Amino acid sequence: MAKVPAAAVAAGGLVGGYGVARWTGKRPFGGLALAAAGSLAAYEWNRQAGPRAAAGLSVAYVAAFAGSHPLAKKVGAWPAVFAVAGGVAAASWAVTRRAAQR
């Protein structure tokens, strides 16, 4: 089975979750997209870097989602979502790359 780029899945989940919630007007739909992508990313993080890395990156994913809300009040919704998605993607890439080099 081909590797799924967990960094892209995680970033896409944050951006896509917000996009779905905004464009449908139904926050639960955005939450479903966010949770589905987060679950897939966590599975890949576990597979690629182990359970400790998956747990840490999952906490970062949830923290990024939560942190995007107060950040949005300062810089706007889309810039906040893109900023936290980039941060999670960078962390994911760094952790999974380091694990792959061992």
Taking the chain and dividing mean pair separation by its residue count, relative contact order in percent (alpha carbons under 8 Å, at least six apart)
33
Want the number for V59 to Q101: 0.36 nm per residue separation, take away the alpha-carbon distance, what's left?
12.8 nm
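Bear in mind that the values in this text are calculations on the coordinates, not laboratory data. Since the model is a prediction, treat every value here as computed from it, not as a measurement.
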